[in-house]
Amino acid sequence: MTISITAKSDTLPAEDMPRSGFKNFRSVLVGRLFSALAIWLALIALTKMSDPATVGMYALAQAICIPIAEVAKMSLREVRSSDTTRLFDFGDYLGLRLLAAFAAFLLMLAVGIVQSDTNALFLVILIYALARSAELVSDMMYGLFQAHERMEYIGRSLCLLGPLSLLLLVTGYWLTGSLVVAVLGQLTAHLAVLCFYDLPLGLKRARLDKDAFRPQWEFSTLYRLAAQALPLTVATLLIIIALYFPRIVVELKLGLTGLGLFAAILAMAMAPDRLVNAMGVAASVRLARHFAAGRHADFTRLLLVLALGVGICGLAGVMISALYGEKILRFVYTAAYAEHHDLLVWLVAAATLRGVANILGYGVVAARRFWWLGAQNGAAAFLAVSGSLILIPKFGLSGAAITLVLVFAAQLVIVFAALILALKPTKKMESRS
């Protein structure tokens, strides 16, 4: 039995109508910037207050929990935003997400038991797994907001979560010198924002949209929804392998210290990633509507502007890293990280390729060519595994960075081909007319 919560009026208030694309982008951009800055500052604080081995312990918890949590998302947020005909209620999405979050937590816990050789490391993984599980629920609320182009709700949530998580992590470690207490602060921040902002606002939004807010558990509906999300879930699994397998090999070959060095420099290189995703998220619903309505010229124009912007900024980042990378790493982190300034150049180049590929990937999702993302990420996963096993033992951290360059270059080529094929039939029709 399902319960739907509906609004008293069939008409939304004027102030609750969908906002302009620029306002949506601005809202998500500010939130993503706050979140990205907070995550990076947290890592910087750990590098200043501890040693690379402690940073490596934190990075290992991330390498275990983040991949599992990302796969557990099943890309339901993206499926929801492109579901312009509302084939499923929000309650269906929420029900499936809660089941996936529970399964993900159990899996993170199991992997943590296997990977942990100390009680402290296990506790860090356990607490971080709980924080990621809470984030899975918040992310589904974001999907509800995004589907109705209320990006300011997402932006405000991120603006609350980022600084609060940073404050509690840094304060916890500064007071106790314990990474366990620091990560417990992050969990507290996630739960506070989820319970006191995301869930109440999600309930309000569902009432206005006359949508089911409570999770719905009808098996046949959840099965159909999972089947529709399967291509994106497979694509996510493959790209997670591409992103995190090199880190696992680094930890195996170079230890926690090597992983700490690599993770910190990678975090700096990938810092603009959340900005890129903010651009894609803000434009995703509009791209889907352009494509569904056959306005392919508008679709292509918007996608091209976003991709060119990311590419130009990325090339500037590569030049700056090549000229001033050592000084930047010494200032932001410590001398131990500055010794690996060549690594920063490779990783910024990889981040640039990834940013352009991600932007084009939002176009592929808008065109609902989901299996192309699976092919794209399958190639990336293959290159990540083979490159890591061959290059990291031979070239160390530089081998890991070169592997990521190859991975994201392959992604970019494949997603570009997918868009060309998606637009090609329409071009034929237009030429005939």
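Observations on the structure shown:
- Taking every residue in the range 25-38 that is more than 11 Å from V276 (Cβ to Cβ) and crowded, with 19+ Cβ neighbours inside 10 Å and pairing it with any residue that is modelled with pLDDT under 75 and among the charged types (D, E, K, R), at least 6 positions away or on another chain, the pairs with Cβ-Cβ distances below 7 Å are S35/R274.
- Residue in the range 148-157 that is of a type in the set (D, E, K, R) and part of a helix (DSSP H, G or I) present: yes
- Scope the range 329-377; condition among the β-branched types (V, I, T) and in a helix (DSSP H, G or I); matching residues: V332, V345, V348, T352, V356, I359, V364, V365
- Some residue of the range 17-30 being assigned to a helix (DSSP H, G or I), modelled with pLDDT under 85 and within 15 Å of the chain's Cα centre (by Cα): yes
- Criterion (touching a Ser or Thr at 6+ places or on another chain (Cβ under 6 Å) and either farther than 30 Å from P52 by Cα or surrounded by 13 or more Cβ atoms within 10 Å (Cβ to Cβ) (or both)) met by exactly one of Y337, Y333: Y333
- Any hit, the range 147-168, residues being at pLDDT 90 or above, over 29 Å from R205 (Cα atoms) and in contact with a helix residue (DSSP H, G or I) (Cβ under 7 Å, 6 or more places away or on another chain): yes
- Failed item, numbered, when A351 is tested on (1) of a type in the set (G, A, S); (2) at pLDDT below 90; (3) under 19 Å from the mean Cα position of the chain (by Cα): (2)
- Which numbered condition G294 misses (of (1) under 22 Å from the mean Cα position of the chain (by Cα); (2) not in a helix (DSSP H, G or I)): (1)
- Considering (1) under 20 Å from G280 (Cα atoms); (2) surrounded by fewer than 19 Cβ atoms within 10 Å (Cβ to Cβ), the lone condition that L158 does not fulfil carries the number (2).
- Total residues in the range 288-339, condition within 30 Å of I44 (Cα to Cα) and among the polar types (S, T, N, Q): 2
- Selection within the range 61-119 - among the hydroxyl-bearing types (S, T, Y), touching a residue at least 60 places away in the same chain (Cβ under 8 Å) and either in contact with a strand residue (DSSP E or B) (Cβ under 6 Å, 6 or more places away or on another chain) or surrounded by 17 or more Cβ atoms within 10 Å (Cβ to Cβ) (or both): S75, S81, S82, Y93
- For the range 32-47, the set of residues classified as among the small types (G, A, S), within 16 Å of L161 (Cβ to Cβ) and out of contact with any Ser or Thr (no Cβ under 8 Å at 6 or more places or on another chain) consists of S35, A36, listed by residue number.
- Of the residues screened, L391 is one that is closer than 22 Å to L261 by Cβ, touching a helix residue (DSSP H, G or I) at 6+ places or on another chain (Cβ under 7 Å) and either at pLDDT 90 or above or surrounded by 18 or more Cβ atoms within 10 Å (Cβ to Cβ) (or both).
- Test for T171: is it surrounded by fewer than 19 Cβ atoms within 10 Å (Cβ to Cβ), at pLDDT 90 or above, touching a helix residue (DSSP H, G or I) at 6+ places or on another chain (Cβ under 7 Å) and assigned to a helix (DSSP H, G or I): yes
The values are calculated or read from the model by the stated rules, or taken from the named source; none is laboratory data. Quantities reported herein were computed from a predicted structural model and do not represent experimental measurements. Every residue, glycine among them, receives a Cβ derived from its backbone with ideal geometry; neighbour counts consider all protein chains shown.
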